[in-house]
Amino acid sequence: MKIIEHYFSFNDSRGWIKGIDNQSTWEELNVMFTKKGEKRGDHFHRETSELIYIIQGKVSIDWFSVGEPTPEHLTLTPMNGVIISPRENHTFTALEDTIWINALDKAFDPSSPDIQTLD
């Protein structure tokens with residue numbers, strides 16, 4: 001998992017711009033809302049990378065690389081995000097009502113979803 005570092009930041013009297021990612025090619029972009037206390041994920045992707053970027057709220061992430069199940073933990077707050085690599089099992093818990101951006105480098109295909117569980 002890679003923590004997103006803003007690659008540029010611009011401020012003037014109108015407001016600001018923060019660069020989230022200019023190194024990847026995303027095929028799918030989503031905005032998500034998750035209620036406080038709810039969980040998402042608890043899966044991994046064999047081939048897909050996934051970007052998570054918090055707009056409002058707070059999310060706890062537990063993750064580990066498949067085959068090396070040493071769990072790690074991170075909390076994301078607004079204007080912070082991560083890029084999840086293939087084969088990183090990830091579970092999100094909303095610590096507050098949360099709005100976030102989700103991007104996938106391979107568009108979700110309902111007929112052949114790249115969502116794997118350890119069960």
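Every number in this text was worked out from the coordinates using simple rules, so none of it is lab data. Computed from a prediction, not measured in an experiment: that's the story for all the values here. Every residue, glycine among them, receives a Cβ derived from its backbone with ideal geometry; neighbour counts consider all protein chains shown.
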In whole percent, what relative contact order does the chain give with Cα contacts below 8 Å and a gap of six or more residues?
37
√(5λ) per eigenvalue of the Cα gyration tensor, segment 1-57, largest first, Å
25, 18, 10
The FRET efficiency for LYS2 and GLU38, from their Cβ-Cβ distance with R0 = 25 Å and rounded to 0.05, is 0.50
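In the structure displayed, which of LYS18/LYS106; LYS18/LYS58; LYS18/LYS39; LYS2/LYS106 lie more than 22 Å apart, Cα to Cα?
On the way: LYS18/LYS106 24 Å; LYS18/LYS58 19 Å; LYS18/LYS39 28 Å; LYS2/LYS106 18 Å.
Cα-Cα > 22 Å for LYS18/LYS106; LYS18/LYS39; rest within.
In segment 13-119, which GluC sites (Glu not before Pro) are in a loop and have at most 12 other Cβ atoms within 10 Å, using DSSP for the loop call?
The qualifying sites are GLU27, GLU38, GLU47.
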Considering only GLY67, PHE108, ILE3, whose Cα is most displaced toward the positive end of the charge dipole of segment 1-109, charges sitting on Cβ of Lys, Arg (+1) and Asp, Glu (-1)?
ILE3
In nm, spacing of pseudo-spin labels at ILE17 and SER111 (7 Å Cα→C-beta vector):
3.9
Compactness check, the chain: C-alpha Rg relative to the 2.2 N^0.38 Å globular estimate gives 1.09
If I model a spin label at GLU47 and THR70 as a point 7 Å from the Cα along the Cα→Cβ vector, what separation in nanometres do I get?
3.1
Charged-residue dipole, Cβ positions (Lys, Arg, Asp, Glu), segment 27-104 about Cα centre, Debye nearest 20
220
Selected from LEU104, LEU29, LEU51 as most flexible by GNM, with the chain as the system and alpha-carbon contacts under 10 Å:
LEU29
Using DSSP loop states and a limit of at most 12 other Cβ atoms within 10 Å to flag trypsin sites (Lys or Arg not before Pro), what is the longest stretch of the chain containing no flagged site?
47-119
Excluding residues on the same chain fewer than 8 positions from LYS36, give the aspartates and glutamates whose Cα lies under 20 Å from its Cα.
ASP62, GLU96, ASP97
